[in-house]
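What follows is one structure encoded as structure tokens, with my remarks underneath.
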Amino acid sequence: MKDWILIGIALAALAVAIGAFGAHGIKDRVSEGDLRIFETGVKYQFYHALGLIIIGILGYHFDSSMLKLPSSLMLAGIIIFSGSLYILVLSGQRWLGAITPIGGTFFIVSWILLLIRLRGA
């Protein structure tokens with residue numbers, strides 16, 4: 001479970017760096033709307049990085065095998081949701097917005113699965 005804590009910490013640090021890049025590096029190069037999209041990616045990356053840290057800590061108190069799928073889905077959600085938003089803004093490839101909800105679905109499923117598995121523990 002320590003690995004999930006470390007991954008969460010690394011993704012949180014990366015979210016801060018990406019957020020700073022958005023606030024200082026691209027704010028004058030993209031529209032207000034695109035900046036909000038970029039910030040949404042940063043927010044959700046940070047929230048779910050904290051989620052991974054929490055799952056890692058929970059792994060010391062519950063059977064860690066039941067936490068593998070929720071944590072994997074949460075990581076996939078960060079990559080797909082936040083990653084698609086970052087690339088959409090930086091590349092202008094608007095079609096990437098069509099895959100963003102897949103990452104959001106992974107977030108939702110990971111939290112619900114975590115609830116179900118911990119409730120039954």
- In cubic angstrom, how much convex hull volume per residue do the alpha carbon atoms of segment 11-66 span? 65 Å³
- Message: How long are the semi-axes of the equivalent ellipsoid of segment 64-121, defined as square roots of 5 times the Cα gyration tensor eigenvalues? Whole Å, largest first.
- Response: 28, 9, 5
- Query: When the dipole is taken about the Cα centre of the chain, and only Lys, Arg (+1) and Asp, Glu (-1) are charged at their Cβ, what size is it in debye, to the nearest 20?
  - Reply: 160 debye
- Query: Taking Cα atoms, how many degrees apart are the long axis of helix 32-58 and the longest axis of the chain, rounded to 10 and kept between 0 and 90?
  - Reply: 20 degrees
- Task: For Lys2, list the aspartates and glutamates whose Cα falls under 18 Å from its own Cα; do not include residues on the same chain fewer than 8 positions away.
- Result: Asp63
- Query: Against the longest alpha carbon principal axis of the chain, how many degrees, from 0 to 90 and to the nearest 10, is the axis of helix 2-20 turned?
  - Reply: 20 degrees
- Message: Students often forget the sequence filter, so: which aspartates and glutamates lie under 13 Å Cα-Cα from Lys68 once same-chain residues fewer than 8 apart are removed?
- Response: Asp3
- Query: Where the convex hull is taken over the Cα atoms of segment 2-119, what is its projected area averaged over directions, in nm²?
  - Reply: 6.8 nm²
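Please tell me the relative contact order of the chain in percent, rounded to the nearest whole number, where contacts are Cα pairs under 8 Å and at least six residues apart.
28 percent
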- Note on the structure: GNM of the chain, Cα pairs under 10 angstrom: of Leu75, Leu85, Leu35, the biggest fluctuation goes to Leu35
- Message: Which lysines, if any, have their Cα less than 19 Å from the Cα of Lys27, not counting same-chain residues under 8 positions apart?
- Response: Lys43
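Read-outs throughout are calculated quantities, based only on the coordinates presented, and are distinct from any laboratory measurement. Owing to the predicted nature of the structure, the values given are computational and were not obtained by experimental measurement. Backbone-built Cβ (ideal geometry, glycine too); neighbour counts: all protein chains shown.
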